[in-house]
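One structure is given below, encoded as structure tokens.
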Amino acid sequence: MKTKISQLLYLLLFTSVLFVFSGCSKDSPTEPDPQINESEELIKYLEGNGDFLNTACPAAISATDVYTGMQASKDWPILDVRAAADYAAGHIEGAVNVTLANLVTYYRTNNLQNKEKVILVCYTGQSAGWGTSILRMLGYSNAIDLRYGMCSWNSQFASRWKNAVGNSRAAQFVTTAYPKPAAGQLPQLSTGKTTGAEILEARVQALLAEGFTPANITHADLYQNLSNYFIVNYWPDNHYITGHIEGAVQYTPKADLKLNTFIKTLPTNKTVVIYCYTGHTSSQSVAFLRLLGYDAKSLQFGVNAMSYDNMPGTKWSDSEIKEYPFVQ
């Protein structure tokens, strides 16, 4: 009898202890999932997978090289990203009209990764450069921008570049060196993704949806109030000291916009305007910055449009204009 009572008491005690522990387990707060710094994950992924900005940017090809390839029957698809009406008015033979919004989908659907080169064409080389950069950062290293766009293909299309060059800001350039600010934080992204590859895909779709228009600015708009912007002079230092936009901070191409150098010195609370000589490098670079979440803009036509005679770098020349045939 005593044995049965002892067993019953033991069972009751065991059940009580089990209930207490179970209750504690249910009431205890669960550990939160670790927070992902999406921008950092993304830049690490980009730097570890080709690092386009710091290796091959700008990816561009001359009209002469494209035409020579066509004459040699090279299988180089040409994607013309201009408006449909402008494409209809004249385009390179064989070129397909593709919107920037549909660029990646068209590229993938048609398996263009298997081609030696895929040429992107626009008006001046800047919006196509932005699209080229997006494809390159996705890992499609055959994408390349037609330098100077259709302006270099035939004089029929050359007015945009011919009318862009000038010296209206030459007297406003300075030689004062402005230091980089202290490093801060990367922008905050909230795609909800956890890997660099997933974050990249989500950010690419966001950029394609908004288009190139928010990613560029004219010097007229910039000079309305220079202090509204953090201005990046994307030249080597020996060119920067010859003269630059007032307040512009020098960042060396292929070196200074990396995670282990100075990318974090770019502010996240101010619009970043990046400029180069022609707008080709800046348009490709701004795609990278906007992917990371910066409110960044490329200065249209670079310093060619502001201080053409005094600038030390690449200059537009009418000799760039070829009289290659086109179709309608």
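Roughly how tilted is helix 2-27, in degrees to the nearest 10 and between 0 and 90, from the longest Cα axis of the chain?
20
May I ask you to derive the relative contact order of the chain, considering only C-alpha pairs under 8 Å and at least 6 residues apart, and to give it as an integer percent?
Over the chain, the number comes to 23 percent.
Of the listed peptides 206-216, 298-308, what is their order by residue-averaged count of other C-beta atoms within 10 Å, with the highest listed first?
Result, highest mean Cβ count within 10 Å first: 298-308, 206-216.
Could you check the simple spin-label distance between Lys254 and Lys44, using points 7 Å along Cα→Cβ, in nm with one decimal?
2.7
Taking only Cα atoms, what is the 0 to 90° angle, nearest 10, from helix 38-48's long axis to the longest principal axis of the chain?
Helix 38-48 and the main axis of the chain meet at about 60 degrees.
If I take R0 = 41 Å and measure r between the Cβ atoms of Gln185 and Thr242 in this structure, what FRET efficiency does the formula 1/(1 + (r/R0)^6) give, to the nearest 0.05?
0.80
Label point 7 Å out from Leu226 along Cα-to-Cβ: which residues of region 242-256 have amide N under 15 Å?
The answer is 242-250, whose backbone nitrogens lie closer than 15 Å to the label point.
Over 24 Å between C-alpha atoms is what I'm after, so list which of Lys117/Lys264; Lys74/Lys162; Lys162/Lys322; Lys44/Lys315; Lys258/Lys297; Lys44/Lys264 land there.
Lys117/Lys264; Lys74/Lys162; Lys44/Lys315
Taking 0.36 nm per intervening residue step and subtracting the Cα-Cα distance, what contour gain separates Asn37 from Val327 on full extension?
Once the chain is fully extended between Asn37 and Val327, it gains 99.5 nm.
Could you tell me the center-to-center distance, by alpha carbons, between region 279-305 and region 40-99 in angstrom?
The distance from the Cα centre of region 279-305 to that of region 40-99 comes to 17 Å.
Arrange the following residues from fewest to most other Cβ atoms within 10 Å of their Cβ: Asp145, Asp256.
Asp256, Asp145
Assign unit charges at the C-beta atoms only (+1 for Lys and Arg, -1 for Asp and Glu), then state the dipole size of region 170-305 relative to its Cα centre in Debye, rounded to the nearest 20.
220
Would you be so kind as to identify which of Phe326, Ala220, Thr195 lies farthest towards the positive end of the dipole of the chain, taking Lys and Arg as +1 and Asp and Glu as -1 on Cβ and the Cα centre as origin?
Thr195
Full-extension gain between Ala171 and Lys74, please, as 0.36 nm times their residue separation minus the C-alpha to C-alpha distance.
Roughly 30.2 nm would be gained on extension.
Could you quote the convex hull projected area for the chain, Cα atoms only and averaged over all directions, in nm²?
24.2
Run the quick spin-label model on Ala101 and Asn269: label points 7 Å from Cα toward the beta carbon, then report their separation in nm to one decimal.
3.5
Based on Cβ point charges of +1 for Lys and Arg and -1 for Asp and Glu, what charge dipole magnitude is obtained for region 38-165 about its Cα centre, in debye rounded to the nearest 20?
Around 360 debye, computed over region 38-165.
Roughly what angle does helix 127-137 make with the longest principal axis of the chain, taking Cα atoms, 0 to 90 degrees, to the nearest 10?
Once rounded, one gets 40 degrees.
Treating the beta-carbon of each Lys and Arg as +1 and of each Asp and Glu as -1, no other charges, what is the dipole magnitude of the chain about its Cα centre, to the nearest 20 debye?
580
Rule-based calculations on the coordinates, nothing more; no lab input. All figures in this text were calculated on a predicted structure; none of them were measured in a lab. As a convention, Cβ positions derive from the backbone with ideal geometry for all residues, glycine included, and neighbour counts pool all protein chains shown.
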